[in-house]
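Note sheet for the following structure.
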Amino acid sequence: MDGIKIQKTTASLLLCLALIAGAALVWGGAVKDGAVPEAKAVDEVKQGADVAPANGSAVQDVYLTATRDGYDKSEIIVRKGVPVRFHFTAIDAGCGSYLVLYGLDVGILSKGNQEAVAEFTPGEEGTYEYNCGMRMYPPGRFVVGS
Ligand SMILES: [Cu+2]
């Protein structure tokens, strides 16, 4: 029985790694193509002082860490229309080193246990799931509010 379990786990890990490699390739390509318009959108919002959040910051810094056991936070709350700087660190998390914000078209790859940062501006209120590329963890909630 144990042998079968191990084989299944290994197969899952291999699948997940392949998926990460594929996602990283797609993501890398997308960054090359999309980097300029994305950066412009962030700058535009920064210049509009009236959309800054109550604490006066023009950027919302949020932090998440993944380990083999899951994420250190089950929920992250941000405001709509204000740039988010999402700091993601995976510590020996295997395929959890690739984080996906489902429904927001955001993927972040933390390599070598180092922090990776993605910047984006959430445009629609809602609750989005964050998880690894295969949704293997208990899902986290990324809440975009007004
Ligand atoms: Cu996974």
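Using beta carbons and a limit of 6 Å, which pairs, at least six apart or on different chains, have the first residue in the range 106-134 and over 13 Å from ALA90 (Cα atoms) and the second one outside any loop (DSSP other than H, G, I, E, B) and of a type in the set (Lys, Arg)?
Every condition considered, the pairs that remain are GLU119/ARG85; THR127/ARG141.
In the range 62-84, which residue that is β-branched (Val, Ile, Thr) and within 22 Å of SER146 (Cα to Cα) is surrounded by the fewest Cβ atoms within 10 Å (Cβ to Cβ)? Lay out the reasoning, then the answer.
Residues of the range 62-84 β-branched (Val, Ile, Thr): 62, 65, 67, 76-78, 82, 84.
Restricting the remaining residues to those that are within 22 Å of SER146 (Cα to Cα) gives 62, 76-78, 82, 84.
Working: VAL62: 14, ILE76: 20, ILE77: 12, VAL78: 19, VAL82: 19, VAL84: 22.
Looking at the filtered set, the residue picked out is ILE77.
For residues in the range 113-145 being buried (at least 17 other Cβ atoms within 10 Å of the Cβ) and among the polar types (S, T, N, Q), which is farthest from LEU101 (Cα to Cα)?
THR121
I'm trying to understand the selection: among the residues of the range 105-137, which are more than 12 Å from the ligand (Cβ to nearest atom) and part of a loop (DSSP other than H, G, I, E, B)?
Once the filter is applied, which keeps residues that are more than 12 Å from the ligand (Cβ to nearest atom) and part of a loop (DSSP other than H, G, I, E, B), the range 105-137 yields ASP105, SER110, LYS111, GLY112, ASN113, GLN114, GLU115, THR121, PRO122, GLY123, GLU124, GLU125.
Please determine whether any residue of the range 113-125 is touching a helix residue (DSSP H, G or I) at 6+ places or on another chain (Cβ under 8 Å), within 17 Å of GLY70 (Cβ to Cβ) and at pLDDT 95 or above. Walk me through how you get there before you give the answer.
So the first thing to find is which residues in the range 113-125 are touching a helix residue (DSSP H, G or I) at 6+ places or on another chain (Cβ under 8 Å), and the list is 119-121.
From the residues that got through so far, the ones that are within 17 Å of GLY70 (Cβ to Cβ) too are none.
Looking for residues that are touching a helix residue (DSSP H, G or I) at 6+ places or on another chain (Cβ under 8 Å), within 17 Å of GLY70 (Cβ to Cβ) and at pLDDT 95 or above, one finds none in the range 113-125, hence no.
Have a look at SER74, SER97 and point out the one that is under 14 Å from the mean Cα position of the chain (by Cα) and within 12 Å of the ligand (Cβ to nearest atom).
On the way: SER74 fails: within 12 Å of the ligand (Cβ to nearest atom).
It is SER97.
What is the one condition in (1) under 11 Å from LEU64 (Cβ atoms); (2) crowded, with 21+ Cβ neighbours inside 10 Å that HIS87 does not satisfy?
With (1) under 11 Å from LEU64 (Cβ atoms); (2) crowded, with 21+ Cβ neighbours inside 10 Å applied to HIS87, the lone miss is (2).
I need every pair where a residue in the range 73-102 that is polar (S, T, N, Q) has its Cβ under 8 Å from the Cβ of a residue that is at pLDDT below 95 and within 10 Å of the ligand (Cβ to nearest atom), sequence separation at least 6 or different chains.
SER97/ILE20
The values are calculated or read from the model by the stated rules, or taken from the named source; none is laboratory data. Predicted, not measured: the structure shown is a model, and the values here were computed from it. Please note: Cβ atoms are built from the backbone with ideal geometry, for glycine as well, and neighbour counts cover all protein chains shown.
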